[in-house]
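Since the structure comes first, as structure tokens, the remarks are kept for the end.
Derivation of every value follows stated rules applied to the coordinates shown; laboratory data play no part. Since the model is a prediction, treat every value here as computed from it, not as a measurement. Here the Cβ positions follow ideal geometry from the backbone for every residue, glycine too, while neighbour counts run over all protein chains shown.
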Amino acid sequence: MTRANLMYLAAAGSLALLLGAFAFQLAGYAPCQMCIWQRWPHGAAVAAGALVVLTGPLFIWGLAGALGALATAGIGVYHTGVEQGWWEGPASCSGGSSSMAEMTGAELLSLDTPVNIVMCDEVAWAFLGLSMASWNAIISYGLMLLWIVALRNKEVSSA
């Protein structure tokens, strides 16, 4: 398989994960803040694949794709740890970091509280005991390896 084809395949994997995330959202699984964070690096990997189509399989696009896949995998591992209670997540979507003692009187009496906050430390859906964040991490590490294999491929023909 050529370097370009490997890069197309890796970018298509990120596109499939993005489309899957949007499909889950359409099915009623609202994303939390960290779920949204995991989407951006996939977008970068897809953009790297599009640039491969436009300019050829340049090293820089392979590196960008690999870094995008690594970034989303890392966020997925972090998110999994928050879901499992291994460490605290962001206070804005985990609820574990702030306490009432830290709030002002105005904050305690405010009626402007967000209504539809999706908590990052709750697993909304799991398959084989792994959450969406865990599956994203596993698959994204595989995509990163695919980008690296593409970079190591000596054949640079796009045919």
Of S134, S140, how do they rank once you tally other Cβ atoms within 10 Å and put the fewest first? S134, S140
Neighbour-count order for T55, T2, T72, T80, fewest beta carbons within 10 angstrom listed first: T55, T2, T80, T72
